[in-house]
Amino acid sequence: MNTARQVLLLSELEPGQFADSFVLLVSKEKATTRDGKPYYRVQFRDSYVTATSMIWSDTTWFEDCESKWVEGEFYKIRARYDENKYGPQLDLDRIRAVIEGDEADGFDPSLYFNRSRFSSEEMFQELMKITQEQIEEVPLKNLVLEILNQYESEIKTIAAASRNHHAFTGGFLEHVLSVTRTACYLADKYSIYYQEMQPPLNKSLVIAGAILHDIGKLTELEYKPHASSYTPAGRLIGHILLGRDLVRDHAKNIEDLEPETLLRLEHMIVSHQNLPEWGSPVAPHTPEALLVHYADDIDAKFHMMATMLEEVLPGNEDQFTSRDNALRRSIFMGLKTKEEPS
């Protein structure tokens, strides 16, 4: 008699269902309860759903979780799936590492890594086109092109962050292109509004700053398909100063690049996060830097909010999301009409 269980994706499970699934362990965070007892908050996922499992110190799995479970590794689990205000949850019954032969039961590692919805090749070509056609100052254009060409592979691949926004393969490029599009729009708009500015708004600088504002993330983050992590330089220095240094090094190769142009570009990089608590040593002190800061800020924050609303589960009757998200706020999902009892 064949007693093999059907293996389902997390995203195929219904609340209350008990089933086997192949999952990717994406995070394992240790904390302590109010009583001082240790526990782990573990997250497993497929490409569509991330579910949390709480591993308490007095449970079967605590020792294995602490010493054997590895972020970025695949596992086969047997668990009960549920959903609450904190999102999808798993109550584990069994767990083991994926082994050779699991492909016969449907294991496919390509189903577990998130990536941009857009083609990296097409996004990169658009960024190159904007650089070629809209940066009018030739030395500045050459600087941006040199950096884009040298780091093309990394730019097409890495995530924009380890978590919170665009934290997936191709996320860096998706974010940078989106910021650049917005910055182009803002530069055109305000150039028309304020034609008497002295010096006039420099659209070439705005575009260069938008493209290069996060370039330090190439060395700040160690790219991994399941979840990028910070390098030692990323932790000790950060992408803002790493980016400024990278641009300064490449500027040495560019003929006729004006010192003031480089100074203004460096300022855009170091000020793009606006506040010291966000990582910038100085606030924007030029119109170009101001536009890049707000283009960057809205793209990151809108992505966070949109992602929360994209992940609302079908049939959810709540009017607000939970506060367990990158913005640390509840997002209004609309009034829910409840049927009056008959």
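Brief remarks on what is shown
- Any pair with Cβ under 7 angstrom, 6 or more apart, that starts in the stretch 55-76 at a residue that is farther than 22 Å from Asp35 by Cβ and ends at one that is hydroxyl-bearing (Ser, Thr, Tyr) and assigned to a helix (DSSP H, G or I): none
- Within the stretch 70-85, being crowded, with 18+ Cβ neighbours inside 10 Å and either part of a loop (DSSP other than H, G, I, E, B) or of a type in the set (D, E, K, R) (or both) holds for one residue alone: Lys76.
- Within the stretch 143-199, tally of residues that are assigned to a loop (DSSP other than H, G, I, E, B), at pLDDT below 90 and not basic (Lys, Arg): 11
- Residues satisfying the stated conditions in the stretch 143-164, i.e. open to solvent by less than 50 Å² (accessible area, probe 1.4 Å) and touching a Phe, Trp or Tyr at 6+ places or on another chain (Cβ under 9 Å): Leu148, Ile155, Lys156, Thr157, Ile158, Ala159, Ala160, Ala161, Ser162
- Residues satisfying the stated conditions in the stretch 107-142, i.e. open to solvent by less than 50 Å² (accessible area, probe 1.4 Å), in contact (Cβ under 8 Å) with a residue 24 or more places away in the chain, part of a helix (DSSP H, G or I) and closer than 23 Å to Leu201 by Cα: Leu127, Ile130, Thr131, Pro139, Leu140, Lys141
- Helices (runs of 4 or more DSSP H) (entirely within the stretch 218-307) containing at least 3 residues that are touching a residue at least 40 places away in the same chain (Cβ under 8 Å), on the phi < 0 side of the Ramachandran plot and surrounded by 15 or more Cβ atoms within 10 Å (Cβ to Cβ): 239-251, 259-271
- Test: residue in the stretch 293-305 that is within 21 Å of Ser191 (Cα to Cα), of a type outside the set (D, E, K, R) and in contact with a Pro (Cβ under 8 Å, 6 or more places away or on another chain): yes
- Flag for Glu311 being among the charged types (D, E, K, R), open to solvent by less than 70 Å² (accessible area, probe 1.4 Å) and over 24 Å from Glu154 (Cβ atoms): no
The rows are residues; the columns are (1) in contact with a strand residue (DSSP E or B) (Cβ under 8 Å, 6 or more places away or on another chain); (2) open to solvent by 30 Å² or more (accessible area, probe 1.4 Å); (3) within 17 Å of Ser162 (Cα to Cα).
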position: Val7; (1), (2), (3): yes, yes, no
position: Ser11; (1), (2), (3): no, yes, no
position: Glu14; (1), (2), (3): yes, yes, no
position: Phe18; (1), (2), (3): yes, yes, no
position: Phe22; (1), (2), (3): yes, no, no
position: Glu29; (1), (2), (3): yes, yes, yes
position: Lys37; (1), (2), (3): yes, yes, no
position: Phe44; (1), (2), (3): yes, no, yes
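The values are calculated or read from the model by the stated rules, or taken from the named source; none is laboratory data. Quantities reported herein were computed from a predicted structural model and do not represent experimental measurements. Because the Cβ atoms are built from the backbone with ideal geometry, glycine has one as well, and the counts that use them run over all protein chains shown. These accessible areas exclude ligands, DNA and RNA; they are computed on the full protein's heavy atoms, side chains included. Shrake-Rupley method; radii C 1.70, N 1.55, O 1.52, S 1.80 Å.
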